Amino acid sequence: MTKPFLGCIADDFTGATDLANNLVRAGMRVVQTIGVPDGALTDEADAVVVALKSRTIPAAEAVAQSLDALKWLQAAGASQIYFKYCSTFDSTADGNIGPVTEALLDALKSDFTIACPAFPENGRTVFKGYLFVGDELLHESGMRNHPLTPMTDSNLVRVLQSQTTRCVGLIDYRTLAGGAGAVEAKIQSLRAEGVAMAIVDATSNADLIAMGPAFKALPLVTAGSGVAIGLPQNFGIHAVGEAGRLPVARGMRAIVSGSCSTATNAQVADFTSKGGAAFSIDPLQLANGIDLPAEALSWAQERIQKGPVLIYATAKPESVRAVQSRLGVARAGEIVEHALASIARGLVERGVGQLVVAGGETSGACIQALGIQSMLIGPQIAPGVPWCHAATLYSNQGSVHVALKSGNFGSTDFFTEAFQILK
Ligand SMILES: Nc1ncnc2c1ncn2[C@@H]1O[C@H](COP(=O)(O)OP(=O)(O)OP(=O)(O)O)[C@@H](O)[C@H]1O
Ligand SMILES: O=C(O)[C@@H](O)C(=O)CO
């Protein structure tokens, strides 16, 4: 490993590839691992992203897993730690952003960090501490209906404060206008006031690049993937704009979707309205013991030679609520994730070599079911979503191309556009 390097801990798998994608585009060589690796890495890298599935697990477990990742990254020589969470600040009343941040600060013996989910290329901007998703405030966006982490407050100072005993402050757009020097001075004055975490405003890539130098001395940075574009300059690295090439893609094409976001609902509707072959998974049938994965795989077998097939549990908020009221939130999520993961594995076993997965939790389950341990980052399909290449024992080719799409990312025709990029 090249030292020093940026050590990243991502709280879900789509978020990890999103971060890796931004770092690669900003010029870094990045290795993404699935979970904490067993041993040392041999690849040369400027950043390592450890992908966890810790966003919605109990806070104590998220803390423990994040501390494990930290220990591994420190042992490997990371000089700065980046805790990556969602650009929509996805969290529950118990965390996990606050508790994990607190634990990482303690372990790093640091008294201050920033928190900034801004990702302007995907419409996530922060102004006076309020998070906007496109033109809407977070709590007015589709995120208010998220199956696991409904976001009902757009004021991030308030949201983060409710998850931590430390004092939360704000570095707003007026400070930012003064450049990195002004941000550094503000960090010093907030520290002196006893503030341990500060939400940072950002509405453009220019803001993110300008503020980067102000974070150089922080042992811990916490953010969405946007802040990543301003950090490589601190390591003497400058943007190349191009990711490395992946091996030629082979095999059949499929999409597995468990995201119920507004964007994914539109992508599913677009794919089916254009005649794409699609199979819907009903969580209540799964709960009744019906073997929908077997049905879906046998359905796919007949169609997949002709083009990409879509297998989805994606549903509208009313339908998700109805399912959750029958099964409970956690059980509904689990049985759907379990079914989609076994479908993803079954598809790869049957010759799928190009797989799109929609949804962070869903991606985590599918990647784990495929036994994938690390991924190479390739070309970007849409902001925050690259194609990746990974070894898996479940493919007779030994590897698979995967694209892990965050719930709200990608244009309406993402499910067809994605495969064009690999041609
Ligand atoms: N029809 C459904 N009813 C209830 N729960 C569902 C249904 N379909 C999917 N789910 C569950 O909803 C959750 C969706 O979360 P997931 O992280 O996969 O998507 P997302 O939140 O849109 O994506 P991201 O985290 O990348 O923004 C999963 O736990 C999934 O199993
Ligand atoms: O930051 C985002 O929005 C994504 O990378 C993500 O984390 C969605 O799960």
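The values are calculated or read from the model by the stated rules, or taken from the named source; none is laboratory data. If you're wondering where the values come from, they're calculated on a predicted model, not measured in any experiment. We place every Cβ from the backbone using ideal geometry, glycine too, and count neighbours over all the protein chains shown. When the accessible area is computed, the model is the full protein with side chains, heavy atoms only, and any ligands, DNA or RNA have been set aside. Shrake-Rupley method; radii C 1.70, N 1.55, O 1.52, S 1.80 Å.
What to note about this one:
- Yes/no for T14 being open to solvent by less than 10 Å² (accessible area, probe 1.4 Å), within 15 Å of ligand 2 (Cβ to nearest atom), of a type in the set (V, I, T) and assigned by TED's automatic domain parsing to the domain that holds R191: yes
- Looking across the range 141-195, just one residue is open to solvent by less than 20 Å² (accessible area, probe 1.4 Å) and touching a Cys at 6+ places or on another chain (Cβ under 7 Å), and that is V195.
- For beta carbons closer than 7 Å, sequence separation of 6+ or different chains, a first residue in the range 396-412 that is closer than 14 Å to S225 by Cβ and a second that is buried (at least 24 other Cβ atoms within 10 Å of the Cβ) and among the acidic types (D, E), the qualifying pairs are S406/D18.
- M143 among the hydrophobic types (A, V, I, L, M, F, W, C), assigned to a loop (DSSP other than H, G, I, E, B) and under 29 Å from V329 (Cα atoms): no
- Members of the range 250-288 that are in contact with a His (Cβ under 9 Å, 6 or more places away or on another chain) and either assigned by TED's automatic domain parsing to the domain that holds I209 or basic (K, R) (or both): R250
- Qualifying residue in the range 340-348 (condition: surrounded by fewer than 18 Cβ atoms within 10 Å (Cβ to Cβ) and farther than 22 Å from F271 by Cα): no
- The number of residues in the range 370-382 being at pLDDT 95 or above and open to solvent by 20 Å² or more (accessible area, probe 1.4 Å) comes to 1.
- Residue ID - most open to solvent (accessible area, probe 1.4 Å), chosen from residues in the range 108-140 that are among the charged types (D, E, K, R) and in a strand (DSSP E or B): E136
- Test result for P379, within 16 Å of ligand 1 (Cβ to nearest atom) and part of a strand (DSSP E or B): no
- Residue match in the range 406-416 (condition: modelled with pLDDT under 95, touching a Cys at 6+ places or on another chain (Cβ under 7 Å) and either more than 16 Å from ligand 2 (Cβ to nearest atom) or closer than 19 Å to R25 by Cβ (or both)): no
- Just one of the listed residues (Y173, Y82) is out of contact with any Pro (no Cβ under 7 Å at 6 or more places or on another chain), hydroxyl-bearing (S, T, Y) and over 30 Å from E337 (Cα atoms), namely Y173.
- Consider the range 276-308 and keep the residues that are more than 30 Å from the chain's Cα centre (by Cα) and within 16 Å of ligand 1 (Cβ to nearest atom). The one that is farthest from A339 (Cα to Cα) is N288.
- Screening S363 against (1) closer than 17 Å to V24 by Cβ; (2) of a type in the set (S, T, N, Q); (3) in a helix (DSSP H, G or I) leaves a single unmet condition, (1).
- Per-region count, the range 331-369, residues away from ligand 1 (no atom under 13 Å from the Cβ) and within 20 Å of F409 (Cα to Cα): 2
- Residues of the range 32-51 that turn out to be closer than 27 Å to G95 by Cα and either open to solvent by 10 Å² or more (accessible area, probe 1.4 Å) or touching a Cys at 6+ places or on another chain (Cβ under 7 Å) (or both), as a count: 8
- Filter result for the condition that a residue is open to solvent by 10 Å² or more (accessible area, probe 1.4 Å), modelled with pLDDT of 95 or more and either among the hydroxyl-bearing types (S, T, Y) or out of contact with any Pro (no Cβ under 8 Å at 6 or more places or on another chain) (or both), over G258, G236, G241: G258
- Checked against (1) touching a Pro at 6+ places or on another chain (Cβ under 6 Å); (2) assigned to a strand (DSSP E or B); (3) within 13 Å of ligand 1 (Cβ to nearest atom), L404 passes all but condition (1).
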